[in-house]
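S.K.: Below is a structure I'd like to ask you about.
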Amino acid sequence: MNIIAAVDNNWAIGKAGELLVRIPNDQRHFRDETLGKVIVLGRKTLATFPQGLPLYGRKNIVLSSDMDYLVKNAVVVHSLEMLLTELKQYRSEDVYIVGGESVYRQMLPYCDVAHITKMNRVYEADCYFPNLDRMPEWKVIQDSDEQTYFDLEYTFFKYERCNEPLSLEKMQ
């Protein structure tokens with residue numbers, strides 16, 4: 001399973017329900033990685049999408065503890081157990097965890113690939129991604145040349161888990 005995020009130097013991902021910054025090339029990277037795939041996100045992350053709607057061309061699975069929460073053109077699951085059961089029907093390499101903080105933390109143990117855009121800056125933030133550089137089980141296997149968006153420098157990294165992630169098949 002994949003996980004994808006844009007982080008600052010402190011692994012921050014957002015503030016007050018918004019991304020720290022929108023970088024067109026990063027958004028293109030996100031689209032290219034996830035188009036035609038399954039994306040998993042929380043209710044608050046869905047609210048940040050254009051018009052608060054599921055992304056076109058992807059199977060959207062929304063995790064929300066609100067039992068009355070429904071979304072047109074998306075599957076809504078109400079617990080981690082329901083999510084894990086739902087994900088069993090898809091190829092692991094076709095699943096992308098796209099946020100937010102709570103969903104990232106719950107699903108990271110099941111992921112074996114992380115697509116991380118690192119911005120060379122520190123933002124004021126209230127949401128964070130787990131710092132993979134401090135986790136010995138994660139190693140960088142690929143990185144891009146440094147990119148620039150106005151005065152913001154950023155790099156695309158691909159991490160791979162060195163040990164086996166938790167298996168969906170073993171979950172009940």
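The values are calculated or read from the model by the stated rules, or taken from the named source; none is laboratory data. What you see is a predicted model; the values in this text were computed from it and never measured. Glycine also receives a Cβ, built like all others from the backbone with ideal geometry; neighbour counts cover every protein chain displayed. These accessible areas exclude ligands, DNA and RNA; they are computed on the full protein's heavy atoms, side chains included. Shrake-Rupley method; radii C 1.70, N 1.55, O 1.52, S 1.80 Å.
S.K.: Which of the numbered conditions does Ile97 fail, given that it passes all the others? Conditions: (1) buried (at least 18 other Cβ atoms within 10 Å of the Cβ); (2) assigned to a helix (DSSP H, G or I).
M.R.: If we test Ile97 against (1) buried (at least 18 other Cβ atoms within 10 Å of the Cβ); (2) assigned to a helix (DSSP H, G or I), just (2) comes out false.
Here's the yes/no breakdown for (1) open to solvent by 40 Å² or more (accessible area, probe 1.4 Å); (2) hydrophobic (A, V, I, L, M, F, W, C):
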{"site": "Ala16", "(1), (2)": "yes, yes"}
{"site": "Asn25", "(1), (2)": "yes, no"}
{"site": "Arg31", "(1), (2)": "yes, no"}
{"site": "Val38", "(1), (2)": "no, yes"}
{"site": "Leu55", "(1), (2)": "no, yes"}
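S.K.: So, one more: Just one of the numbered conditions (1) surrounded by 15 or more Cβ atoms within 10 Å (Cβ to Cβ); (2) of a type outside the set (Gly, Ala, Ser); (3) under 13 Å from the mean Cα position of the chain (by Cα) is not true of Val75; which one?
M.R.: (3)
S.K.: Which residue pairs have Cβ atoms under 7 Å apart, sit 6 or more places apart or on different chains, and have a first residue in the range 5-24 that is assigned to a loop (DSSP other than H, G, I, E, B) and a second that is among the polar types (S, T, N, Q) and open to solvent by less than 50 Å² (accessible area, probe 1.4 Å)?
M.R.: What qualifies is Trp11/Asn131; Gly17/Thr48.
S.K.: Still on this structure, please answer the following. Within the range 117-131, work out how many residues are touching a helix residue (DSSP H, G or I) at 6+ places or on another chain (Cβ under 7 Å) and part of a strand (DSSP E or B).
M.R.: Here the count works out to 3.
S.K.: Another question, if that's okay. Kindly indicate the residue of the range 121-165 that is of a type in the set (Asp, Glu) and within 13 Å of Asn9 (Cα to Cα) and also least open to solvent (accessible area, probe 1.4 Å) among those meeting that condition.
M.R.: Filtering the range 121-165 for residues that are of a type in the set (Asp, Glu) and within 13 Å of Asn9 (Cα to Cα), the one least open to solvent (accessible area, probe 1.4 Å) comes out as Glu153.
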